[in-house]
Amino acid sequence: MTILLETAEKIRNMEIRGAGRIARAAALALKDEAKSIETDSLDDFNGKMKAAYKMLYLTRPTAVSLPNALRIVMRYKAATVEEARSQIIANADAFVTGSENAVKRIGEIGARRIKDGYTIMTHCNSSAAAQIIQTAFKTKKDISVIATETRPRMQGYVTVDIMQKAGIPTTLILDSAVRYNMKKADAVVVGADAITVNGNLINKVGTSQLALAAHEARVPFIVAAETYKFSPRTLLGELVEIEERDPSEVLSPEMQKKWPNLKIANPAFDITPHSYIDLICTEIGAIPPEMAYWVITEKLGWEIEEAGENGI
């Protein structure tokens, strides 16, 4: 259980962060669990795998890439433990490879939307969004980046580090300076934690203010998202749960004691309406947000009955 427990804890406390990275880590944790279970009973094996699934499933409630990855890995039909184990391992390996290839493909597609001389604003840290920017830069386009700090966990520092190592000119700004700096931007590129059936975007809190400012300034707002970040459960009208994180991320326990009656809100994500999104870059192409239903029902292949299931 060591790798499973470590992975679950790292996802929960954000040592592993970013929807794609979370999904790949969870897939590999299930793979390792399947390899480590010692039993000849298929019922016993299935029970232990379901327990591992549930443990990972409950770590982060918002990033839909996590449950989608878990369901993909756990799609197996077997008559023996060894058949089940083999299918889970194959599913996990295929998911991880497909996820990594998807990010590369998104970079190639999205880079075509970035013109020479562009300044790109981005928020938080997204491997897919960063891939678009890096791919554009590698094709010799003269571009620069404006990155937000992304409080309170400062994920923007990860983006800055990636851009600095790639040699891309970058400016770090306060989250509250988005509107002031939007006039300097030619495009906004962000990642996704989830995309609903009507094309709304759930992403790191603060994304919606970028979208609003970009909409007002007529700056294109582009989302980079692997197709497994689309949310099947929203087919039945279920709302994506917005994770509320520990107040200590915003204000130290010492300061909380100083103001005992102070309430602290710390939502990890917010919702950007599809009307503010110009384009979603996926591994299957650049699509409008209105195509979210097609991606969920045709590309992901989820049936409505499966979308309504609680767990597996």
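Quick look at the numbers
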{"item": "Pair list, Cβ under 6 Å, 6 or more apart: region 206-220 residue on the phi < 0 side of the Ramachandran plot, other residue open to solvent by 50 Å² or more (accessible area, probe 1.4 Å)", "result": "211/276; 213/179; 215/276; 220/278"}
{"item": "Residue under evaluation residue 69, criteria (1) buried (at least 23 other Cβ atoms within 10 Å of the Cβ); (2) within 17 Å of the chain's Cα centre (by Cα); (3) modelled with pLDDT of 95 or more, criterion not met", "result": "(3)"}
{"item": "Boolean, residue 175 is open to solvent by less than 40 Å² (accessible area, probe 1.4 Å) and of a type outside the set (Val, Ile, Thr)", "result": "yes"}
{"item": "Every residue from region 69-110 that is within 26 Å of residue 285 (Cα to Cα) and either of a type in the set (Ser, Thr, Tyr) or touching a strand residue (DSSP E or B) at 6+ places or on another chain (Cβ under 9 Å) (or both)", "result": "97, 99, 102, 103, 105, 106, 107, 109, 110"}
{"item": "Whichever residue in region 72-105 is within 19 Å of the chain's Cα centre (by Cα) and hydroxyl-bearing (Ser, Thr, Tyr) and, among such residues, is surrounded by the fewest Cβ atoms within 10 Å (Cβ to Cβ)", "result": "97"}
{"item": "Candidate set: region 195-247, residues that are of a type in the set (Gly, Ala, Ser) and part of a helix (DSSP H, G or I); chosen: the one farthest from residue 128 (Cα to Cα)", "result": "217"}
{"item": "Residue under evaluation residue 156, criteria (1) of a type in the set (Gly, Ala, Ser); (2) in contact with a strand residue (DSSP E or B) (Cβ under 6 Å, 6 or more places away or on another chain); (3) surrounded by fewer than 23 Cβ atoms within 10 Å (Cβ to Cβ), criterion not met", "result": "(3)"}
{"item": "Residue, nearest to the chain's Cα centre (by Cα), within region 280-309, restricted to residues that are under 18 Å from residue 98 (Cβ atoms) and either at pLDDT below 90 or open to solvent by 30 Å² or more (accessible area, probe 1.4 Å) (or both)", "result": "283"}
{"item": "Candidate set from region 217-267 (those that are small (Gly, Ala, Ser) and at pLDDT 95 or above); member that is surrounded by the fewest Cβ atoms within 10 Å (Cβ to Cβ)", "result": "265"}
{"item": "Condition broken by residue 30, with the remaining ones in (1) in a helix (DSSP H, G or I); (2) of a type outside the set (Asp, Glu); (3) open to solvent by 60 Å² or more (accessible area, probe 1.4 Å) satisfied", "result": "(3)"}
{"item": "Qualifying positions in region 131-150 - outside any strand (DSSP E or B), of a type in the set (A, V, I, L, M, F, W, C) and open to solvent by less than 10 Å² (accessible area, probe 1.4 Å)", "result": "132, 133, 136, 143"}
{"item": "Pair list, Cβ < 7 Å and 6+ apart or interchain, from region 33-60 residues that are assigned to a loop (DSSP other than H, G, I, E, B) to residues that are among the β-branched types (Val, Ile, Thr)", "result": "39/81; 40/81; 59/11; 60/11; 60/22"}
{"item": "Pairs with Cβ under 9 Å, 6+ apart, first in region 272-290 and among the polar types (S, T, N, Q), second assigned to a loop (DSSP other than H, G, I, E, B) and open to solvent by less than 20 Å² (accessible area, probe 1.4 Å)", "result": "275/199; 282/225; 282/226"}
{"item": "Output for region 191-204, where each listed residue is crowded, with 23+ Cβ neighbours inside 10 Å and in contact with a Phe, Trp or Tyr (Cβ under 7 Å, 6 or more places away or on another chain)", "result": "193, 195, 202, 203, 204"}
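The values are calculated or read from the model by the stated rules, or taken from the named source; none is laboratory data. Since the model is a prediction, treat every value here as computed from it, not as a measurement. FYI the Cβ positions are ideal-geometry reconstructions off the backbone, even for glycines, and counts take in every protein chain you see. When the accessible area is computed, the model is the full protein with side chains, heavy atoms only, and any ligands, DNA or RNA have been set aside. Shrake-Rupley method; radii C 1.70, N 1.55, O 1.52, S 1.80 Å.
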